[in-house]
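Written out below as structure tokens is the structure these notes cover.
Since every read-out is calculated from the coordinates, none of them should be taken as a lab result. Computed from a predicted structure; not experimentally measured. Please note: Cβ atoms are built from the backbone with ideal geometry, for glycine as well, and neighbour counts cover all protein chains shown.
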Amino acid sequence: MIHELKNITPFISFDFGITQTQAAVSQLVTIWLSTLYNQEAYTFVLSAPGAVVTKITNYEYFVAYPSAGSYQVSLTVVNTEKTTNLVSNILNLTIT
Amino acid sequence: MSLLLYINGQLADLEPGQVIAQTRQVNDLNSLDNRQASYTNKFNLPKTAKNVKIMQFLTMPGNSSTIPYRENTCSLYSHTGECFVYNGRAVITDGGNAYECVVYDGIIDLYKAIENKTLADLGLSELSHDKEIQTIVSTWVTSNTLPYKYIVADYNGDTTATAQDMLNIDYLIPSARVSYLWKLIFDTYGVTCSGSVFNTQNFKNLWLTFPKSANAAETQTEVFSSNDYLFLPLQPPYNDYNSVFLDYSIAQTNLLANTGNRHLTVTEQGYYSIQISGNFKVTNDVILYYAKNAGAYNLTPQIPAPVVVKDVLHNNQDFSVTLNLYLNDGDSICFFLKKWGNPFSFNDDNQLEVSMVKVNTAVDFPGAFKSFSITDFLKEIVHRFGLTIFKDKYSNHYEFLTLQEVLQTAQHADWSSKFSKKLAENYLYGSYAQRNWLRYAYNDKEANYNDSFIQVNNVNLADGKDVFKSKIYAPEFIPSNIFGITTNVYKFWDREIGEDSEGEKTIKYKPLDARYYLLRAQLGFHSMSLYSDVMPQTQSTAFYYRESYNKLLFQDSVQEYYAPLQKILQNAQLITAEIWLTETDIANLDFKKLVYIEQLGGYYLLNKVNNYVPGKVTTCELVKVQYNDDEVVKAITITAIAGAGGSDGITITYVANYAVGTLVVQGSQNQQTWQNLPYTLYSTNLVALLPAGISGQYYIRILDTTNNISATGYSLMI
């Protein structure tokens with residue numbers, strides 16, 4: 001059970017569980033992590049190639065893209081014991 | 001082994017060899033009903049001269065000691081300097097030959113600080129505002145800064161104009177940001193808090209409604225009313241008029257000065273609604289005008305820019321008009337009848353009635369929130385998010401953790417060398433039933449559609465019990481529609497259907513009180529015009545915030561925050577064991593750490609330390625937790641949805657970490673009311689048909705009815 005909880009897959013989304021959306025160039029888009037982790041036991045890394053990322057907390061991020069295109073975002077949660085990398089679902093973002 | 005006890009900063013005398021048994025706990029998993037503090041057993045304080053002085057001569061003749069009634073800070077140390085209790089609370093009573101004392105610490109400080117306090121005690125000045133159209137729009141524009149927001153939903157008021165893309169703001173209800181209230185509680189009482197939950201969207205986008213109607217028309221103050229009138233021409237010829245002032249002989253009040261019997265001067269700025277009705281017997285048609293601040297003009301033709309109130313009043317015509325105005329302090333208003341070029345005169349039996357009310361736009365959050373205690377508010381958050389409160393021993397910092405976070409901790413304490421023996425192994429959890437209900441309040445007292453329960457599969461337990469009864473109301477079961485989008489109904493008015501004298505259907509909106517709802521705000525785009533029945537302005541907007549009930553069902557809370565507890569309870573092993581705990585162990589006890597005991601073959605949550613006495617073996621309650629994933633938490637997850645809908649349907653890809661049973665695919669526009677969708681099951685996915693005619697946000701979920709497991713709603717934009 002603990003093993004399961006320690007390795008629970010992170011789930012990220014835009015507002016209210018949405019996993020794909022559109023935004024304008026330079027528009028701030030919020031990404032939420034909804035899976036809870038003991039913050040003393042994990043670190044959090046958002047992967048958003050091409051984006052300017054602002055980390056609000058481990059559970060909230062702003063991303064903004066300087067140019068149009070299709071982008072993917074994911075988040076990796078790393079156990080501080082460095083034994084586990086937990087990779088989230090992928091968000092699809094179309095910048096127009 | 002002597003102990004050192006400080007009460008209100010003074011070292012108290014203890015009997016030689018005094019034993020003070022300590023019980024330590026943060027959250028008894030035996031009972032979800034409440035959260036517990038640590039405490040000592042009752043012990044004696046001898047009535048020595050020093051103790052009598054500390055107690056302000058309590059029990060001595062003529063004393064006026066306040067010690068039994070006040071907060072007595074208290075710290076308890078071992079003779080080696082280990083701190084057992086730091087800044088706890090001592091409750092003192094008289095025990096005859098000695099004083100009797102019980103020491104509490106842990107979350108007691110927080111609960112005592114907010115005891116008998118309501119949300120109104122927080123000040124809430126930032127929530128107070130005037131409900132005006134521009135204020136409402138500003139809550140949408142500055143979405144992240146204001147602590148309140150007008151979230152568009154069906155509050156069971158008048159929404160008929162929404163069909164014409166008009167929104168009557170009189171039937172909108174403001175909501176306070178829960179995170180603002182939460183922070184204010186901790187700031188007000190000088191404590192701090194932390195917790196992952198408070199950074200999530202589920203918490204940050206959570207709003208608590210103003211608890212009653214905020215319709216300005218229902219809270220207006222009459223400032224003027226008269227059916228006593230004269231027609232005052234002040235312009236020759238006096239028999240045939242070109243224009244006349246409406247003139248009233250009513251006396252001046254503290255809200256209104258009646259200057260020259262015709263200029264009504266208000267003493268407070270604000271919105272005013274003026275109703276004029278009557279019937280004039282005139283020889284020619286006239287026009288009813290009003291003018292602001294025209295006191296300097298004795299003759300109506302001199303008044304610049306008069307405004308038409310009622311155009312063309314015929315002889316013997318019944319009329320009734322309402323004029324909504326914003327007036328500044330000292331503004332005056334007058335009414336007059338006028339007809340250019342065609343003089344008119346009056347016959348007998350004219351009728352005129354004028355009334356003026358000040359519209360109360362003030363939204364008094366502090367006054368309204370008096371009915372919500374801070375303790376209830378704290379309980380609401382703690383139960384909704386399945387939180388345990390951990391107080392920092394040496395500061396006023398409280399950490400709120402879910403059981404999932406506690407179980408994820410990398411830290412554990414190895415108590416193998418301290419283990420003495422197992423006393424008992426129990427399988428029934430103290431106060432649980434088979435179904436442990438989290439319940440909403442409902443307008444329909446018999447309803448329970450948003451309730452849910454924590455299941456314990458043990459037929460030897462009682463059928464069910466309520467572990468939490470929320471003060472928060474659930475929205476109505478049947479949703480409504482605003483701007484073509486399904487919306488929940490948060491009832492603030494009862495609708496009374498009637499008929500007018502001509503047989504036409506009428507609806508009266510009867511306001512309700514003490515209705516607290518939780519909801520979320522979701523950005524929406526729709527071109528509309530905002531208006532009010534009692535205020536003059538209108539304003540257009542292309543975007544707004546509408547309600548969402550995402551993850552607010554208690555079913556969602558159970559699934560999201562109580563799954564680990566539910567898992568523990570399925571094979572509940574409560575071990576009572578004797579452990580050799582040292583003073584250092586007790587002083588540094590950390591309930592956030594798991595306990596490993598080799599002799600018992602596993603990891604345990606420390607539930608309670610009972611009656612610790614230095615130098616003696618201590619009885620501890622330990623809850624067994626499975627470390628390995630031999631017992632996996634069953635889950636279904638929708639990983640993708642593809643397809644355009646229509647007759648081809650949508651293809652739902654899902655994963656389950658167990659052998660699923662009978663599946664049901666459901667769809668919803670509001671995540672509250674779900675309907676079954678026809679589907680075809682393939683080896684790796686499902687193809688489901690969407691209902692005809694839906695558009696906008698839509699949610700899909702899969703239920704495993706055999707195992708009572710559901711996938712979280714997957715959001716689609718259709």
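Structure above, values below:
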{"item": "Relative contact order [Cα under 8 Å, 6+ residues apart], chain A, whole percent", "result": "35"}
{"item": "Theoretical FRET efficiency, 1/(1+(r/R0)^6), r = Cβ-Cβ of B:Asp533 and B:Ser355, R0 22 Å, to 0.05", "result": "0.90"}
{"item": "Modelled label reach - B:Ser647, point 7 Å along Cα→Cβ, the stretch B:670-700 residues with backbone N closer than 18 Å", "result": "B:678-680, B:687-694"}
{"item": "Partner chain coverage, peptide B:709-716 - average Cβ within 10 angstrom", "result": "3"}
{"item": "Averaged over A:8-14, number of beta-carbon atoms from partner chains that fall within 10 Å", "result": "2"}
{"item": "Mean Cβ neighbour count within 10 Å, used as a protection proxy, ranking B:399-408, B:673-682, B:516-525, A:87-96 highest first", "result": "B:399-408, B:516-525, A:87-96, B:673-682"}
{"item": "Peptide A:27-36 - average C-beta neighbours from other chains (10 Å radius)", "result": "4"}
{"item": "Most fluctuating residue given options A:Val29, A:Val52, A:Val63, as computed from a GNM of chain A linking Cα atoms under 10 Å", "result": "A:Val52"}
{"item": "Computed helical MRE - 222 nm, chain B, DSSP H runs ≥ 4 contributing -39500 (n - 2.57), nearest 500", "result": "-2500 deg cm²/dmol"}
{"item": "Highest average packing first - B:312-318, B:556-562, Cβ atoms within 10 Å", "result": "B:556-562, B:312-318"}
{"item": "Cα gyration tensor category, rounded, prolate or oblate, for the stretch B:549-658 with a/c compared to 1.5", "result": "prolate"}
{"item": "P(r) weight above 48 Å for the protein assembly as shown, C-alpha pairs, percent", "result": "38"}
{"item": "Virtual spin-label span in nm between B:Asp318 and B:Thr576, 7 Å along Cα→Cβ", "result": "8.2"}
{"item": "Chain B: relative contact order in percent, alpha carbon pairs under 8 Å with at least 6 residues between", "result": "14"}
{"item": "Estimated distance in nm for a label pair at B:Lys281 and A:Ile90, the labels positioned 7 Å out from Cα along Cα-to-Cβ", "result": "8.7"}
{"item": "Set of aspartates and glutamates near B:Lys183 by C-alpha distance (under 19 Å), chain-local residues within fewer than 8 positions excluded", "result": "A:Glu60, B:Asp109, B:Glu115, B:Asp121, B:Glu126, B:Asp376, B:Glu380, B:Asp392, B:Glu399"}
{"item": "All-pairs alpha carbon distance profile, the stretch A:2-95, 5 Å steps from 0, percent", "result": "3, 14, 27, 23, 16, 9, 6, 2, 0"}
{"item": "Net charge, B:Ile374 excluded, C-beta distance under 11 Å - Lys, Arg +1, Asp, Glu -1", "result": "-2"}
{"item": "Semi-axes of the equivalent ellipsoid for the stretch B:3-153, Cα gyration tensor, largest first, Å", "result": "46, 20, 13"}
{"item": "Packing-based ranking, highest mean first, of B:363-376, B:501-514 given that Cβ atoms within 10 Å are counted", "result": "B:363-376, B:501-514"}
{"item": "In Å, descending, principal axis extents of the Cα set of chain B", "result": "113, 86, 39"}
{"item": "Sites B:Tyr682 and B:Ala447, calculated FRET efficiency, Cβ-Cβ separation with R0 56 Å, nearest 0.05", "result": "0.90"}
{"item": "Inter-site label distance for B:Tyr326 and A:His3 at 7 Å from Cα along Cβ, in nm", "result": "6.7"}
{"item": "Pairs of Cα atoms farther than 25 Å apart, the stretch B:221-359, %", "result": "20"}
{"item": "Distance violations [Cα-Cα > 25 Å] among B:Lys379/B:Lys422; B:Lys112/B:Lys624; A:Lys55/B:Lys567; B:Lys370/B:Lys465; B:Lys465/B:Lys551; B:Lys117/B:Lys608", "result": "B:Lys379/B:Lys422; B:Lys112/B:Lys624; A:Lys55/B:Lys567; B:Lys370/B:Lys465; B:Lys117/B:Lys608"}
{"item": "Cβ-derived FRET efficiency at R0 25 Å, B:Asn481 paired with B:Thr639, nearest 0.05", "result": "0.20"}
{"item": "Residue of A:Asn58, A:Asn79, A:Asn38 that the Gaussian network model of chain A assigns the largest fluctuation, springs spanning Cα pairs under 10 Å", "result": "A:Asn38"}
